[in-house]
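Asker: Here it is, the structure in full.
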Amino acid sequence: MIRLIATDLDGTLLQPGGVLSDRTRATLDAVDADVVIVTARPPRFVQNLELTGTAICANGAMIYDLTNREVTHAQTVPLDVVRKVSEALTEVIPNVGIAVETGLETVSGPGFQGFGPKNPHRTLELLDHVFEEAHQVVQMLAWAPDAETDHLMEIAREAVGQHVTVTHSGGLGMLEICPPGVSKAATLESLCNTRGIGKDEVIAFGDMPNDLSVLGWAGTAYAMGNAHPLVKQACANHAPPNTEDGVAQILEKLFRL
């Protein structure tokens, strides 16, 4: 019996361009199960989708109540660790740009250009100014132009993996860095425990390396047809791609909609 659906957004639940299709929205409304969004995105992006329920944001660092539009939990990276990690990455990754996600906005230092126009951020003149102005850091971002992201992740994990959690969700040269021990799966497991839901009652969908923890934890896991090779390799079940409403197709079959 499935009691909870955990789904990533970009490349999984959403169509290209961040669109939630009518078919997928109708399916989520029809299923007899909790729906939890599990994403690298901050709450301000998720709230624009006009969904209800719960969202795990910033790769597990935040829990956001979609219905009441409020953050109910946040885990932060201590600022001394933020500085230490930034210094270490600068030494091992040429031309790396650093940004921090506060939960309310993204603030970057010079050289960080990893976002397009749909992901605005505020750039400050010096990285020290970023550290001084950030009231809290729920996630760090490191961007290196033209870098191969999987290789970049390996370099970063070796350099700073003892201090933070390093992953990525497919952005070219973009790493996502969370507090130590924080992951999508760890936060989802904690949330399920409070609701009395076991992992065997959870079905998860994802497409990128930052989804691997959730896909490995859930009782049933689906890699999207458009997923990263590591994700496809990790999952026995494959859904159609997000461009074909793959999540909706699987849920329609399982819930006989």
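The values are calculated or read from the model by the stated rules, or taken from the named source; none is laboratory data. Remember, predicted model here, so these are calculated numbers, not experimental data. Here the Cβ positions follow ideal geometry from the backbone for every residue, glycine too, while neighbour counts run over all protein chains shown. For accessibility, only protein heavy atoms count, side chains too; no ligands or nucleic acids. Shrake-Rupley method; radii C 1.70, N 1.55, O 1.52, S 1.80 Å.
Asker: Kindly state which strands (runs of 3 or more DSSP E) lie completely within the range 93-197 and contain at least 3 residues that are among the charged types (D, E, K, R), farther than 28 Å from Q47 by Cβ and open to solvent by 10 Å² or more (accessible area, probe 1.4 Å). It would help to see each step written out before you state the result.
Answerer: Details: elements: 97-101, 106-108, 139-143, 165-167, 174-178.
Hits in the range 93-197: none.
Asker: Does V35 meet the test of being among the hydrophobic types (A, V, I, L, M, F, W, C), assigned to a helix (DSSP H, G or I) and either touching a Phe, Trp or Tyr at 6+ places or on another chain (Cβ under 7 Å) or open to solvent by less than 60 Å² (accessible area, probe 1.4 Å) (or both)?
Answerer: On the way: among the hydrophobic types (A, V, I, L, M, F, W, C): yes; assigned to a helix (DSSP H, G or I): no; either touching a Phe, Trp or Tyr at 6+ places or on another chain (Cβ under 7 Å) or open to solvent by less than 60 Å² (accessible area, probe 1.4 Å) (or both): yes.
Criteria not met by V35.
Asker: Turning to a different aspect of this structure: Only one of L9, L28 is aliphatic (A, V, I, L, M), over 19 Å from M140 (Cα atoms) and under 16 Å from the mean Cα position of the chain (by Cα). Can you tell me which? So that I can check it myself, show each step before the final result.
Answerer: Values: L28 fails: under 16 Å from the mean Cα position of the chain (by Cα).
Testing whether each residue is aliphatic (A, V, I, L, M), over 19 Å from M140 (Cα atoms) and under 16 Å from the mean Cα position of the chain (by Cα) leaves just L9.
Asker: Let me ask something else. Scan (1) among the aliphatic types (A, V, I, L, M); (2) modelled with pLDDT under 95; (3) open to solvent by less than 10 Å² (accessible area, probe 1.4 Å) for the single condition L9 breaks and write down its number.
Answerer: Tallying (1) among the aliphatic types (A, V, I, L, M); (2) modelled with pLDDT under 95; (3) open to solvent by less than 10 Å² (accessible area, probe 1.4 Å), L9 fails exactly one: (2).
Asker: While we're looking at this one, here's another question. How many residues does the range 191-209 contain that are over 20 Å from A236 (Cβ atoms) and either of a type in the set (F, W, Y) or in contact (Cβ under 8 Å) with a residue 40 or more places away in the chain (or both)?
Answerer: Within the range 191-209, residues that are over 20 Å from A236 (Cβ atoms) and either of a type in the set (F, W, Y) or in contact (Cβ under 8 Å) with a residue 40 or more places away in the chain (or both) number 4.
Asker: What are the residues in the range 124-141 that are in contact with a strand residue (DSSP E or B) (Cβ under 9 Å, 6 or more places away or on another chain) and over 23 Å from G170 (Cβ atoms), if any? Before the answer, list the steps.
Answerer: Our first condition is that a residue be in contact with a strand residue (DSSP E or B) (Cβ under 9 Å, 6 or more places away or on another chain); within the range 124-141, this holds for 124, 127, 129-131, 133-134, 136-141.
Residues satisfying the conditions are L124, L127, H129, V130, F131, E133, A134, Q136.
Asker: Turning to a different aspect of this structure: Please work out which residue is most open to solvent (accessible area, probe 1.4 Å), limiting yourself to the range 41-80 and to residues that are among the small types (G, A, S) and part of a strand (DSSP E or B).
Answerer: So, considering only residues that are among the small types (G, A, S) and part of a strand (DSSP E or B), the one most open to solvent (accessible area, probe 1.4 Å) is A74.
Asker: Every residue in the range 231-257 that is without any contact (Cβ under 8 Å) to a residue 24 or more places away in the chain and outside any loop (DSSP other than H, G, I, E, B), please.
Answerer: K232, Q233, A234, N237, H238, E244, Q249, K253
Asker: Continuing with the same structure: Within the set of pairs 6 or more residues apart or between chains, which connect a residue that is over 16 Å from T165 (Cβ atoms) inside the range 139-151 to a residue that is part of a helix (DSSP H, G or I) with Cβ atoms less than 7 Å apart?
Answerer: Taking only residues 6 or more apart or on different chains, the pairs are A144/L152.
Asker: With the structure loaded, tell me whether E158 is more than 16 Å from the chain's Cα centre (by Cα), within 30 Å of L127 (Cβ to Cβ) and modelled with pLDDT of 95 or more or whether it fails that test.
Answerer: Here the answer is yes, as E158 does meet what is asked.
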